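Novice: Pasting in a structure now, in structure tokens, and then I'll have a few things to ask.
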Amino acid sequence: MMPENFVGNDEILYRRVLPGRNHYKFKPDETIEISSQAFYDPELRISVDRANLCDNNPKRTLGNGSGVLSLVTIDVRSVVDLSREENQKQVIERFRIDVEPVPLPNNSAHAEIHAIPSFTDFDKKRAFKRLCQRLARLAEARKWEIRPTSE
Amino acid sequence: MPQVAYPTSHHEKMQVNRIPSGASRSSDELSQTALHSIQGLHPGTGTASKLLYRVAIHIGFYYDSPRGLFSVPGIEEIVREDILPTLIEIYNLLTWPDGWNGYNACAPKYDAVRYASRWIVMFYLDVMDLGMDWIKPNVTASGDGEVVFEWRRDVKKLTIYIGNQNAEYVEDWGPDMNTEMEDGYANSSNTRRSLWQWLMS
């Protein structure tokens, strides 16, 4: 049993993806392309649900007609080499990526993927976009927890 | 002779034909706004007309016209058929409310939508000028209300973020975020062409 105040490396994280928003696309070979925008968050902290605290039931993350994709915490924490740069690619800050529990009144499984130190609006230009690209590739490498039924 | 890809499906062409037929006032306004985005392509003496002329050359219309004459209205129709489904998708973003992604996304911004509709036409014309095939983008929005275009070709992903008066790109061709991603501004014609050449190479 995982402690509720720490997200273990082997924990599965669920992310809801709604239909009709062009965040995924069915390919002829029946695989599904995932848009990096499926992970974009204006507050730079990406909401997910901890599978362990959802009884490993992705339906608890499901919205109307949506799909549920997943990530493994250690893969997220293994995202390295994100940095803030200025003036011709001079690195002024390096980030590591973590997942922390942020339980909500109506969702005790809620957690957030975030940077340490925290991203700022400046990082929307580069680091956060790159993180979203990376998370989309990580999600594509896994099977959907709940496959969407339509685009 | 350079060929232009017409990946638009029958369904999409039907969509184009349906555009003016919305019954509601908002539908009419949406259609009109979308169509205004390509009004710059009307015949005339301005930059847009010159671009149209270049498109005509590249798609072979100038030489292949049965009348042997350059027909701007005909070119406009061709351009419209290629790009209008995308313009409609862009303007449809204005119907997305706050929280449209099931989380806390901001609604797409009107100024971003307007700029994106102009930007995509310019990008299309740049691609035509290169004599290369056009691929319809995936159109979505960022959680900040920007318009986002995405293209994917094999392992390459090109993502464009359009804000109020600004376009930024991310090129992604692998998992290494230092050596397999690039980003920058995509406001100039030269940059847009380079991006397309990278995607299609």
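The values are calculated or read from the model by the stated rules, or taken from the named source; none is laboratory data. What you are looking at is a predicted structure, and each value in this text was computed from that prediction instead of being measured. When we count neighbours, we look across all protein chains shown, and the Cβ atoms used for this are built from the backbone with ideal geometry, even at glycine. Accessible surface areas use protein heavy atoms only, side chains included; no ligands, DNA or RNA. Shrake-Rupley method; radii C 1.70, N 1.55, O 1.52, S 1.80 Å.
Novice: Rounded to the nearest percent, how much of the accessible area of the range A:12-151 (1.4 Å probe, protein heavy atoms only) is carbon and sulfur?
Specialist: With neighbouring chains kept in place, the figure for the range A:12-151 is 45 percent.
Novice: How many Å² of accessible area per residue for the range A:6-116, probe 1.4 Å?
Specialist: Per-residue value: 45 Å².
Novice: Please give every one of the lysines within straight-line cross-link reach of A:K59, meaning a C-alpha to C-alpha distance under 29 Å, and leave out same-chain neighbours fewer than 8 residues apart.
Specialist: Here the lysines satisfying the reach criterion relative to A:K59 are A:K25, A:K27, A:K129, A:K143.
Novice: In square angstrom, rounded to the nearest 10, how much accessible surface does A:L62 have for a 1.4 Å probe?
Specialist: 70
Novice: Roughly what would the spin-label model give for A:F6 and A:R147, points 7 Å off Cα along C-beta, in nm?
Specialist: So the two model labels end up 3.8 nm from each other.
Novice: Ignoring ligands, DNA and RNA, how do B:D126, B:D133, B:D154 rank by accessible area with a 1.4 Å probe, largest first?
Specialist: Per-residue accessible area, sorted high to low, gives B:D154, B:D133, B:D126.
Novice: Report the local net charge at A:D49: Lys and Arg +1, Asp and Glu -1, summed over other residues whose C-beta lies under 12 Å from its C-beta.
Specialist: Charge balance near A:D49 sits at +1.
Novice: Further question on the same structure: Give me a single rounded figure for A:34-43: the average over its residues of other chain Cβ atoms within 10 Å of their Cβ.
Specialist: For peptide A:34-43, the averaged partner shielding equals 6.
Novice: Let me confirm one metric for peptide B:173-180, namely the mean number of other chain beta-carbon atoms within 10 Å of its residues' beta-carbons.
Specialist: Mean partner shielding for this stretch: 4.
Novice: Follow-up. Grab the beta carbon distance between A:L62 and A:E33, set R0 = 22 Å, and tell me the FRET efficiency rounded to 0.05.
Specialist: Plugging the Cβ-Cβ distance into 1/(1 + (r/R0)^6) gives 0.60.
Novice: To the nearest 10 degrees, how steeply does helix A:127-140 sit against the main Cα axis of chain A, on a 0 to 90 scale?
Specialist: With rounding to tens, the tilt is 30 degrees.
Novice: While we're here: Can you give me the C-alpha center-to-center distance between the range B:95-109 and the range B:176-201, rounded to a whole angstrom?
Specialist: Distance between centres, Cα-based: 28 Å.
Novice: Note down, for the range A:1-136, the three equivalent ellipsoid semi-axes (square root of 5 times each alpha carbon gyration tensor eigenvalue), biggest first, whole angstrom.
Specialist: Ellipsoid half-lengths, sorted descending, are 25, 20, 13 Å.
Novice: For chains A and B, what's the summed buried accessible area, probe 1.4 Å, to the nearest 100 square angstrom?
Specialist: Counting protein atoms only, the buried area is about 3200 Å².
Novice: Read phi for every residue in the range A:90-95 and hand back ³J(HN,Hα) as whole Hz from Karplus 6.51 cos²θ - 1.76 cosθ + 1.60, θ = phi - 60°, with x for Gly and Pro.
Specialist: 7, 6, 10, 7, 10, 10
Novice: How high is the FRET efficiency between A:V91 and A:S118 when r is their beta carbon distance and R₀ equals 25 Å, given to the nearest 0.05?
Specialist: Using R0 = 25 Å, I get an efficiency of 0.90.
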